[in-house]
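The values are calculated or read from the model by the stated rules, or taken from the named source; none is laboratory data. Bear in mind the structure is a predicted one, so any value in this text is a computation, not a measurement. Note: ideal-geometry Cβ built from the backbone for every residue, glycine included; neighbour counts use all protein chains shown.
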Amino acid sequence: MKAVLCTQWGDPSTLVIADVPGLTPLNDEIKIAVHACGINFADPLMVQGQYQLKPPFPFTPGIEVAGEVLAVGNGVEHVRPGDRVLAICNYGGLAEEVVTTFALPIPDTMDYVTAAGFAVVYGTSHIALTRRAHLAAGETLLVLGAAGGVGLTAVEIGKLLGATVIAAASTPEKLALAAQYGADHLINYSVENIKDRVRALTDRRGANVIYDPVGGDVFDEAFRAIAWEGRVLVIGFASGRIPHIPANLALVKNCAVIGVFWGSYSMNNPLVLGSSLETLLDWYAAGRLKPHISRTYPLDQAGAAMTALANRQATGKVVVTVR
Ligand SMILES: NC(=O)c1ccc[n+]([C@@H]2O[C@H](COP(=O)([O-])OP(=O)(O)OC[C@H]3O[C@@H](n4cnc5c(N)ncnc54)[C@H](OP(=O)(O)O)[C@@H]3O)[C@@H](O)[C@H]2O)c1
């Protein structure tokens, strides 16, 4: 089979395509004919050796796929050969075949490109906003990086949960996309001060929940706009700087700073992850979610797909088509 290979730490442009041996599923594993692989912020980091997981060389990047089940190990009962599924893996997704322990059937109406970009971003935002932040109808949600992969899904799910959503992003085009997904108010943080605008939009109360996949200066400004008894969701550091949290402000605002690591549920509490994804797939089947895929790339341009994400050029999801 064909697979993208990382043979040394480096820029995504150093990735190569090679023919590699096929795979056999072990007891609890599912072998999938990959049709599409969603690109995530973690992918270029893993290729550069800057991600917490550092697989041995050569390895194939790619952590979420969609495709058809080819074979299952003895212990697998919830999917069968021929099923259309989305799946999560530690790495290995940018290949014609992958084996994994986590796969879920997808609705007939969901195409493989959409399915390949669904689990990580919607799963992260759903667990963050419901289980972690307990976002309630009528509350105000501030989403930073609101047109990015996770950000746009936070806007969409925030609206479904009945929140007033303030979307913040770096360009008018990105904000226009967030508005299409239901954002009530828009802040361009390239030219506007986040704290001043949020306070003006909320009668000086601030945002009840802040969803932050960006970190850096954007986090520093936004943290000062949290409401009394607010919740700040630490999702990621796309800006490249991990912010320091001023503990005195947390005290004064009675606020909670809440970490979210979606992937850790697969080891610590897979039932939560599975039931969240089932809810999201039901919402999709009912027409309540409209995943935004801004661009697809063929397998031999997987490196370019990663570079587009890392360079802030993408909106919503970027997906690599494999078959
Ligand atoms: N905690 C979890 O479980 C979890 C799950 C998935 C992803 N994440 C993390 O969340 C972050 C975003 O992931 P994503 O898939 O949404 O990525 P993405 O689609 O690239 O979105 C990231 C957004 O961050 C903003 N940004 C600001 N400075 C940036 C910079 N220097 N480089 C790139 N982007 C920058 C961009 O929006 P503007 O241009 O509007 O500023 C961009 O749209 C990453 O750190 C990722 O690792 C965490």
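Restricting to region 157-174, name every residue that is assigned to a helix (DSSP H, G or I) and within 13 Å of the ligand (Cβ to nearest atom). Answer for region 157-174, where residues must be assigned to a helix (DSSP H, G or I) and within 13 Å of the ligand (Cβ to nearest atom): Pro172, Glu173, Lys174. Can you confirm whether region 280-297 contains a residue that is in a strand (DSSP E or B), farther than 23 Å from Val320 by Cα and of a type in the set (A, V, I, L, M)? No, region 280-297 has no match at all.
Taking the condition touching a residue at least 60 places away in the same chain (Cβ under 8 Å) and more than 27 Å from Gln313 (Cβ to Cβ), does Ile30 pass? Full working, then the answer.
Details: touching a residue at least 60 places away in the same chain (Cβ under 8 Å): yes; more than 27 Å from Gln313 (Cβ to Cβ): yes.
Yes.
When Gly67 is tested against (1) surrounded by 20 or more Cβ atoms within 10 Å (Cβ to Cβ); (2) free of Cβ contacts under 8 Å to residues at least 40 places away in the same chain, exactly one condition is not met: (2).
Examine region 290-309 for a residue that is acidic (Asp, Glu) and either touching a residue at least 40 places away in the same chain (Cβ under 8 Å) or under 28 Å from Ala95 (Cβ atoms) (or both), and state whether such a residue exists. Yes - at least one qualifying residue is present in region 290-309.
Quick check on region 290-297. Is at least one of its residues over 15 Å from Ser125 (Cα atoms) and aliphatic (A, V, I, L, M)? Give the derivation first.
Taking region 290-297 as the starting set, the residues that turn out to be over 15 Å from Ser125 (Cα atoms) are 293-297.
Adding the requirement that they be aliphatic (A, V, I, L, M) leaves 293.
Among the residues of region 290-297, at least one is over 15 Å from Ser125 (Cα atoms) and aliphatic (A, V, I, L, M), which makes the answer yes.
Residue selection: Leu142 satisfies the criterion of being in contact (Cβ under 8 Å) with a residue 24 or more places away in the chain, under 21 Å from Glu229 (Cβ atoms), buried (at least 24 other Cβ atoms within 10 Å of the Cβ) and out of contact with any Cys (no Cβ under 6 Å at 6 or more places or on another chain). The condition (being in the same structural domain as Ala18 (by TED's automatic domain parsing), β-branched (Val, Ile, Thr) and more than 17 Å from the chain's Cα centre (by Cα)) is satisfied by just one residue among Thr171, Thr109, Thr164: Thr109. Leu251 falls short on exactly one of the conditions (1) in contact with a helix residue (DSSP H, G or I) (Cβ under 9 Å, 6 or more places away or on another chain); (2) closer than 14 Å to Phe223 by Cβ, and that condition is (1).
When you check Ala305 against the structure, is it in a loop (DSSP other than H, G, I, E, B), outside the structural domain of Pro213 (by TED's automatic domain parsing) and either within 14 Å of the ligand (Cβ to nearest atom) or under 22 Å from Asp212 (Cβ atoms) (or both), yes or no? Considered against the rule, which asks whether it is in a loop (DSSP other than H, G, I, E, B), outside the structural domain of Pro213 (by TED's automatic domain parsing) and either within 14 Å of the ligand (Cβ to nearest atom) or under 22 Å from Asp212 (Cβ atoms) (or both), Ala305 comes out as no.
Which of the residues belonging to region 308-323 are part of a loop (DSSP other than H, G, I, E, B), more than 9 Å from the ligand (Cβ to nearest atom) and either small (Gly, Ala, Ser) or crowded, with 22+ Cβ neighbours inside 10 Å (or both)?
Taking region 308-323 first, the residues part of a loop (DSSP other than H, G, I, E, B) are 311-315, 322-323.
If we keep only those that are more than 9 Å from the ligand (Cβ to nearest atom) as well, we get 322-323.
Listed by number, the list holds a single entry, Val322.
Checking the structure you have, find out if any residue of region 123-133 is within 16 Å of the ligand (Cβ to nearest atom), under 30 Å from Leu201 (Cα atoms) and assigned to a loop (DSSP other than H, G, I, E, B).
We begin by selecting, within region 123-133, every residue within 16 Å of the ligand (Cβ to nearest atom); these are 123-133.
Checking the rest, the ones that are also under 30 Å from Leu201 (Cα atoms) come to 123-133.
With the extra rule that they be assigned to a loop (DSSP other than H, G, I, E, B), the set shrinks to 133.
The answer is yes; a qualifying residue exists.
Looking at region 285-300, is at least one residue near the ligand (Cβ under 9 Å from one of its atoms) and among the charged types (D, E, K, R)? No: region 285-300 contains no residue that is near the ligand (Cβ under 9 Å from one of its atoms) and among the charged types (D, E, K, R).
Residues in region 247-268 that are away from the ligand (no atom under 14 Å from the Cβ) and assigned to a helix (DSSP H, G or I) were compared, and the one that is farthest from Ala133 (Cα to Cα) is Asn248.
Table: residues versus (1) of a type outside the set (Lys, Arg); (2) assigned to a loop (DSSP other than H, G, I, E, B); (3) surrounded by 14 or more Cβ atoms within 10 Å (Cβ to Cβ); (4) in the same structural domain as Lys159 (by TED's automatic domain parsing).
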{"residue": "Tyr211", "(1), (2), (3), (4)": "yes, no, yes, yes"}
{"residue": "Trp228", "(1), (2), (3), (4)": "yes, no, no, yes"}
{"residue": "Ser276", "(1), (2), (3), (4)": "yes, no, yes, no"}
{"residue": "Gln301", "(1), (2), (3), (4)": "yes, no, yes, no"}
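Please go through region 200-246 and give me each residue that is away from the ligand (no atom under 12 Å from the Cβ) and either of a type in the set (S, T, N, Q) or touching a Gly at 6+ places or on another chain (Cβ under 6 Å) (or both), ordered by number. Thr202, Asn208, Ala225, Ile226, Ala227, Pro243, listed by residue number. Screening Leu249 with (1) in contact with a strand residue (DSSP E or B) (Cβ under 9 Å, 6 or more places away or on another chain); (2) not assigned by TED's automatic domain parsing to the domain that holds Gly162 gives one miss only, at (2).
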